[in-house]
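Here, each number is a calculation from the coordinates, and none is a lab measurement. Owing to the predicted nature of the structure, the values given are computational and were not obtained by experimental measurement. Backbone-built Cβ (ideal geometry, glycine too); neighbour counts: all protein chains shown.
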Amino acid sequence: MFVSIQGEGFHTGMPAFFIRYSGCNCKCPFCDTDHESYTELTDEEIAEQAKAYDVPWAILTGGEPSLQATEHLIDLLHKQGKKVAIETNGTHDIPQNIDWITCSPKDGLAPLLRSANEVKVVYQNNNVEHWHNEIKAQHYFLQPCSCSNTQEVIDYIMKHPHWRLSVQVHKYLNIQ
């Protein structure tokens, strides 16, 4: 867990408390999560650590947070006045009391999630148009893979303007 700015998607630049879960049903090769290192905590212990930071958002990320996040944890964070966002691959049910859903679907995994606030796809010269049609969202983002193919993503967006660019600002700034 750490506090930083949101580096991706619609809320880029917003201060937030990040709860990074270990473990995922996908384990993408470009993932920046250490799935081997973790500390088991109760919802109350997580919320107690979040209380120390006066930031408007708590972001459940991973790994795949839908494997462990609970409505009870979200309730505890809401009691602190925080809004709660989840960054999920969409393949599992998520707590119903989430304030903002970012679905980052992966090829080869069928998402259960059919609507989200934003869809954010890591672009690897793959077919992404089906995600625009399969998951209803207010915002659709394409993100370069580990900051390596930014021009390719920009070229794609210029031809498909229903997508917007999301860069990993935190990586460019060299912050967590």
Amide H contacts under 5 Å for TYR140, restricted to residues at least 5 apart in sequence or on another chain and with H modeled in the peptide plane, are VAL119, ARG164
Read-out Cα extents along the principal axes in Å, candidates (i) 47, 34, 31; (ii) 41, 40, 31; (iii) 41, 35, 32; calculated match is (i)
Sequence order, region 68-83: Karplus ³J(HN,Hα) from phi using 6.51 cos²θ - 1.76 cosθ + 1.60, θ = phi - 60°, Hz rounded, Gly and Pro as x, gives 9, 5, 10, 4, 4, 4, 4, 4, 4, 5, 4, 4, 8, x, 8, 8
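Report for the chain the percent antiparallel among DSSP-assigned beta bridges with both residues inside it, nearest 5.
Working: 4 of 29 bridges.
Roughly 15 percent of the DSSP beta bridges within the chain come out antiparallel.
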Expected max-MSF residue from THR91, THR12, THR42 in the GNM of the chain (alpha carbon, under 10 Å) is THR42
Dividing the helical contributions, -39500 (n - 2.57) per DSSP H run of n ≥ 4, by the residues of the chain yields a 222 nm value, nearest 500 deg cm²/dmol, of -5500 deg cm²/dmol
Scalar couplings 3J(HN,Hα) for region 133-147 by Karplus 6.51 cos²θ - 1.76 cosθ + 1.60 (θ = phi - 60°), nearest whole Hz, x for Gly and Pro, are 8, 8, 10, 7, 8, 7, 9, 10, 10, 10, 10, x, 7, 6, 6
Longest the chain segment clear of GluC sites (Glu not before Pro) sitting in DSSP loops (not H, G, I, E or B) with at most 15 other Cβ atoms within 10 Å runs 41-176
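How about region 83-176: which trypsin sites (Lys or Arg not before Pro) there are in a DSSP loop, with at most 13 other Cβ atoms within 10 Å of their Cβ? Can you show the working numbers first?
Working: sites: LYS83, LYS106, ARG114, LYS120, LYS136, LYS159, ARG164, LYS171; in loops: LYS106, ARG114.
Passing sites in region 83-176 are ARG114.
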Restricting to aspartates and glutamates and to Cα separations under 16 Å from LYS79, and discarding same-chain partners fewer than 8 apart, the set is ASP43, GLU44, GLU45, GLU48, ASP54, GLU71, ASP99
